[in-house]
1. Helix A:170-187 versus the longest principal axis of chain A: what is the Cα-based angle in degrees, 0 to 90, to the nearest 10?
2. Alpha carbon centre of region A:281-357 versus region A:52-104: separation in Å?
3. Just rank A:LYS113, B:LYS119, fewest to most, by other beta-carbon atoms within 10 angstrom.
4. Length gain on complete extension for the stretch B:LEU266 to B:LEU151, per 0.36 nm per residue less the alpha carbon to alpha carbon distance?
5. Just want the answer: with Cβ charges of +1 for Lys and Arg and -1 for Asp and Glu, which residue in A:MET54, A:LEU40, A:THR23 is farthest toward the dipole's positive end in region A:22-112?
6. Give me the inter-chain shielding for A:153-165: mean count of other chain Cβ atoms within 10 Å, whole number please.
7. Obtain the nm distance between the two label points defined at B:LEU121 and B:MET282 by a simple spin-label model: each point lies 7 Å from its Cα along the Cα-to-C-beta direction.
8. Work out the P(r) tail for the protein assembly as shown: percent of alpha carbon pairs separated by more than 51 Å, whole number.
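No value in this document is a laboratory result; all are computed from the given coordinates. Because the structure is a prediction, the values reported are computed rather than measured. Backbone-built Cβ (ideal geometry, glycine too); neighbour counts: all protein chains shown.
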Amino acid sequence: MTRESPADDLRLADLTKRFGVFTAVDDLSLTVPQGSFFALLGASGCGKTTTLRMIAGLEQPTGGQVLLGDRDITGLRPHKRPVNTVFQSYALFPHLDIHENVAFGLRRRGIRKVGDQVERMLALVQLQGYGRRRPAQLSGGQQQRVALARALINHPQVLLLDEPLGALDLKLRRQMQVELKRIQAEVGITFVHVTHDQEEAMTMADTVAVMNAGRIEQLGAPAEIYEYPATAFVANFLGQSNLLTAEAGGRAGDDVRVTAHGTRFSVPAGRARLVDGPALLGVRPEKLHLADGVDRVPAGHQHVGGVVTDASYVGVSTQYLVRTAWGAELSAFAANSGVAAPLAPGTAVTAHWDPRHAFLLPRAGADERTEGRLGQPPVGALP
Amino acid sequence: MTALAHLPTSTRPPAPPPVRRGRHRLLPYLLLLPGAAWLLVFFALPLLQLAAASLYDPAGSLSTGYAMTWAVGNYPDAVQAYWPQFSRSFLYAGIALVIALLMGYPLAYAIAQKAGRWKHLLLVAVVAPMFTSFLVRTLAWKTILSDSGALVGLLRDVHLLGPDGRLLATPAAVVLGLTYNFLPFLVLPLYASLERLDPRLLEAASDLYASPLRAFARVTLPLSLPGLTAGTLLFFIPATGDYINAELLGTPNEYMVGNVIDSAFLVRLDYPQGAALSFLLMAAILAIVFVYLRKAGTEEVL
Ligand SMILES: Nc1ncnc2c1ncn2[C@@H]1O[C@H](COP(=O)(O)OP(=O)(O)O)[C@@H](O)[C@H]1O
Ligand SMILES: [Mg+2]
């Protein structure tokens, strides 16, 4: 393998795919740095597979370009692209044994002696000794690893993985996530990993792109996206968020003033995506703390009063629902560290948070209604 | 209960305990009985009779009666007299098979993979000619190819045929008839194989650097091999033994072994020779099928 330069980045420029009148991928632009582990995260049907297929050349875009470094590969046939895919359905060749499945790409490029390479690749995915079996004789997890080996052996510039862990049970899934990350670090190939599992995306990827209805909603490092989501959709697709309907009322020093349900709050300007106008004030449930009186709220924290309506014990933490005076339900996670006594439903509490953990998002009329359906059920203060 | 926990998970409830084991064991044989009896009476016994007839004294006749003299010489005599018709059978059937494959494979592929909602209509179109009699269809070809027909007229006009060139009564007409008549037997099994071909495998092949041609050779073709083998045999075997096409579309110069057997039994009334020729044809076809299946079998493993 030659040492890749940053000029080998994968770039999608204004990529669009329409099926009839339906737009599956909508003017998508992004750059995947060479050698990075990139996750494309989105709900089922948002256009992830279509995007991958356009990168692989299996689908011709309606508009836009696919670039590898400076090279425009948009019109290149799939077999001419230095890109390999691990298909959602594995698509192993049933008439060939595992050895020949893995050797397929090498043979098509006219490489004669493939035995050693295949053995090494089978060892990498921990399938030594399975070479003479047929795909139908392997379990789902083993087939998945064969599909991975079959693609990896070609040392493509970009490896595309389309929900490769979707068919596996939870334990094997976790195991394979670690495995995939290890392999990626070992071979240093660019991975574009498609998934609808936010936890998978966050644990594996260097960069996550959250996709919704054919568009990228936000792109960044997992922690970055989680801590400071750009839209209400992202705030609720990646974990949960309490979102209070609010009005931003301009800058005040380093802060942005916010009014929600008659109460004044503030958010650091660096965590506000707008200064004026309709907004959503967001706080993650694990950053929302419960105190049994206003006098117990730490200095600098902001707070709202409410009543505990539900407490569910989930082992590491207890998840509370708190109903505010204006009827919104807030969710708060309290770690079961043994410091505080559990709160019973009906208890009056004060929910408080450090404004440095809050975030302010623009509120568009339509956004509020759709986010609930697309992401996880919002637990925030939606009207 | 611990033992139960190790049972393989199955969606079906466990089978009920076998009752009346004896009946269960006999059942497959009882089911075989009607078919076996049929085969015995209508296949094995006539075959034996035919084998015996092929060894009768060739000097006998239907009116004087035949004597069983173990006349093994009937076989070399038959070969010597009719080897041109014999080899012509295999030649014509072979050429027809090649043409049928060139037409039938793309046809079956298109119907199975590309036809979309027209699939069933096209399948019916393949089978539809068989709704009328084999004989009638071959006679129709006789009209189409006739010297005064539009086709010959056209070919003569564009000088693809000489001014008195003809289509009927030529080897080409016989091969064409064979190709036409047996094409559905090739297309249907091929279609069944190609219909099951997952197009995603072809996408995977192209993703793994296989050009369309290589993807065909390495994925489509091997996966359609069962249908190809069955279709080839279903085409070749009846085509080799056919005599209608040579009879209606050819002349005695195009006669195949089927015509000779036909005349031996029905015209010349030379039963020993007809029986010997029938047996030779059967042996030759069996040998070809055997070699072919062995070869096709190993290719599939590759
Ligand atoms: N060949 C096609 N024809 C029409 N619509 C399609 C086709 N392929 C995908 N779609 C539509 O495009 C949308 C995105 O599909 P896909 O990329 O497979 O989603 P994902 O992989 O994110 O679940 C879906 O609504 C799907 O119905
Ligand atoms: Mg998909």
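1. Tilt relative to chain A: about 60 degrees.
2. Using only Cα atoms to place each centre, the spacing works out to 49 Å.
3. Details: A:LYS113 7, B:LYS119 16.
Taking fewest neighbouring Cβ atoms as first place, the list is A:LYS113, B:LYS119.
4. Numbers: separation 115, 0.36 × 115 = 41.40 nm, distance 3.48 nm.
Full extension of this stretch gives 37.9 nm more.
5. A:MET54
6. Details: counts 1, 3, 0, 3, 0, 0, 0, 1, 0, 0, 0, 0, 0.
Mean number of neighbouring Cβ atoms from other chains: 1.
7. Reported label-point gap for B:LEU121 and B:MET282 is 4.6 nm.
8. Details: 96754 of 234270 pairs.
Tail of P(r) above 51 Å: 41 percent of Cα pairs.
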